[in-house]
Amino acid sequence: MIDDLLRSVTELTHRLRRAQAVLTAAAAQARGVCDGTDSTGSITILIDDDGTARDVHVAADWRRRLSPAEVGPAVVAADADAARRRATATAEALAAAHASAGEGDAIPLDDSSVDDQGALIGPGPDAAGPTRPTPVAAAGRPRPLVDLTAAVLAAADDFDHITAPPPPVVGTGGQGAVQVTVAQGRITECTVNQAWLARQDEVTLAHALREAIGAAATAALTARRPYVDYQQRLETLVAEARAALHDVSRGPRP
């Protein structure tokens, strides 16, 4: 029974890791592609290793290229362009890797290359964050098998809820004049107060957009916290199940 318990917990952990590792390993192949622009070249969005917006540049002559009402949609379009360019570069990198390795050979996915948020481990403004702890079984004998089994069943029940896509998050800048909505790492909407925009140049507009994007990124990290906590919870359960298995293998103790 303890073997089944360990397999159940391990499978939950592997399901989480595979989902993240497949996506992050593909993105890692082309992380050098890190920007995109709208069709007029007025707005440039820079994305991080995760593929999410981290900065924005505004062309000095943006007023000549865009009407005030087109600024928000241009931000969304620039972010979408960056995502498309990153995806294309990733597909090309994977195709080249398959060609060099031989037909049918898969790109290996290594869990050690990603952190608990699915980000690539390495330097960068977004590389910091919760790191995977090394689970340590509690001192003394493991908790009773019935309690451990209940904890595993509870984790299984929580799986669909915890791993569901988080709701969209909103960030604001320019004292509320700019609002950016982000869903699953993409800018899906950007609204700009037209009266405020009439008084801005490229520097102040870029600053407000940068504020909004940063605030949305912070909100997205907060929304992911339950997912990170859940992964750590599974790590602890795996460690406890292994400790219990070891304890059972030793046989009865006086």
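The values are calculated or read from the model by the stated rules, or taken from the named source; none is laboratory data. For clarity, every value in this text was computed on a predicted model and none was experimentally measured. Positions of Cβ are generated from backbone atoms using ideal geometry, with glycine treated the same way; all protein chains shown enter the neighbour counts. Quick note on the areas: whole protein, heavy atoms, side chains included, nothing else; ligands and nucleic acids left out. Shrake-Rupley method; radii C 1.70, N 1.55, O 1.52, S 1.80 Å.
Numbers below:
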{"read-out": "Charge sum, other residues only, whose C-beta stays under 13 Å from Asp61's C-beta, Lys/Arg counted +1 and Asp/Glu -1", "value": "+1"}
{"read-out": "Accessible carbon and sulfur surface of the range 37-92 relative to its total accessible area, %, 1.4 Å", "value": "52 percent"}
{"read-out": "The range 84-93 - phi-based ³J(HN,Hα) in whole Hz, Karplus 6.51/-1.76/1.60, Gly and Pro as x", "value": "5, 5, 5, 5, 5, 5, 5, 4, 5, 5"}
{"read-out": "Counted charge near Ala78, where neighbours are those whose Cβ lies closer than 9 Å (Asp, Glu -1; Lys, Arg +1)", "value": "-4"}
{"read-out": "Chain lengthening between Ala80 and Thr40 when straightened (0.36 nm per residue, less Cα-Cα)", "value": "13.0 nm"}
{"read-out": "In sequence order, calculated HN-Hα J values of the range 34-44 (Karplus, 6.51, -1.76, 1.60; Hz; x Gly/Pro)", "value": "9, 8, x, 10, 6, 5, 8, x, 7, 10, 10"}
{"read-out": "Ranked by how many other beta carbons lie within 10 Å on average, peptides 48-55, 197-204 from highest", "value": "48-55, 197-204"}
